[in-house]
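**Student:** Quick one: structure below, then a few questions.
The values are calculated or read from the model by the stated rules, or taken from the named source; none is laboratory data. Here the structure is a predicted model, which is why all the values come from computation and not from measurement. Positions of Cβ are generated from backbone atoms using ideal geometry, with glycine treated the same way; all protein chains shown enter the neighbour counts.
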Amino acid sequence: YDQQNVTILEIMGRNAGWLTGAAALAKGEDCEGPDMLFLPEVTFDVDSFMKKVEELHKKKASVVVAVSEGVKLADGRYVCELTDGIEFVDAFGHKQLTGTARFLAEKINREVGCKTRAIEFNSLQRCASHIVSRVDITEAFQVGGAAVKEAFEGETGKMVILKRVSDDPYVCVTDIYDVHKVANVEKKVPREWINEAGDYVTEEFVNYIRPLIQAELTPIMTDGLPRHLYYTDVEKKQG
């Protein structure tokens, strides 16, 4: 029985690969982490990808690859457009992206002949509050508090932003910015934070994002399930 397999993880990110690159954080003493990472900032070449997967497949039993849902071909098409999926667009005219991992996994299965898995995190990434970092929660409170303060002082049409003022120790403060200059604008991963081959991130990238996942916040559990707090819960506690 051949245990060899290739797993393709599809991670959110239309044109910016911060989340996909963050998969590199899984690498540690007890985990090899992903073998390759493909971000939308770098043009995706299907043939080159297949060769790399085939080479890895010869060397190890289990290959794990993380790809952004928004990886694009040289002609500008999203890889997911190579599937026969139905297209949907949002209010900005952005195509709904899905099927990248499925397309690549099926292609590997056909051409390399090994067992494959396609995993789309999608909604799971949006609702995994049980593993949220304390840094993330703290900054969420900071942003909320700053928004209330600015609104109380009469500011409007503005967005609260986070500004990193120090890497070591990690320090981040809030500021406000014209929302019209922020809406539909992306902050992409710098090209120099992606390796030359375009299939992994650099140490500089990892050092930049590692502070964001520090410390844990234990979820409140009820009958073995996480307790979700609502505004009414806060009201009750305040009498």
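**Student:** Is it fair to say ALA140 is loosely packed, with under 15 Cβ neighbours inside 10 Å, assigned by TED's automatic domain parsing to the domain that holds GLU216 and of a type in the set (A, V, I, L, M)?
**Tutor:** Judged against the criteria, ALA140 is not a match.
**Student:** Mind telling me which of the residues THR218, THR156 ends up being farther than 21 Å from LEU37 by Cβ, assigned by TED's automatic domain parsing to the domain that holds THR98 and surrounded by fewer than 11 Cβ atoms within 10 Å (Cβ to Cβ)?
**Tutor:** Only one candidate passes the filter, namely THR218.
**Student:** Ok, one more. For segment 116-140, enumerate the residues that are of a type outside the set (A, V, I, L, M) and more than 17 Å from PRO211 (Cβ to Cβ).
**Tutor:** THR116, ARG117, GLU120, PHE121, ASN122, SER123, GLN125, ARG126, CYS127, SER129, HIS130
**Student:** Among (1) of a type outside the set (A, V, I, L, M); (2) modelled with pLDDT under 90; (3) out of contact with any helix residue (DSSP H, G or I) (no Cβ under 6 Å at 6 or more places or on another chain), which single condition is THR83 missing?
**Tutor:** THR83 satisfies all of (1) of a type outside the set (A, V, I, L, M); (2) modelled with pLDDT under 90; (3) out of contact with any helix residue (DSSP H, G or I) (no Cβ under 6 Å at 6 or more places or on another chain) except (3).
**Student:** Is it the case, given these coordinates, that LYS163 is outside any strand (DSSP E or B) and not assigned by TED's automatic domain parsing to the domain that holds LEU25?
**Tutor:** The answer is no for LYS163.
**Student:** Then there's this: How many residues does segment 36-63 contain that are aliphatic (A, V, I, L, M) and crowded, with 21+ Cβ neighbours inside 10 Å?
**Tutor:** Within segment 36-63, residues that are aliphatic (A, V, I, L, M) and crowded, with 21+ Cβ neighbours inside 10 Å number 4.
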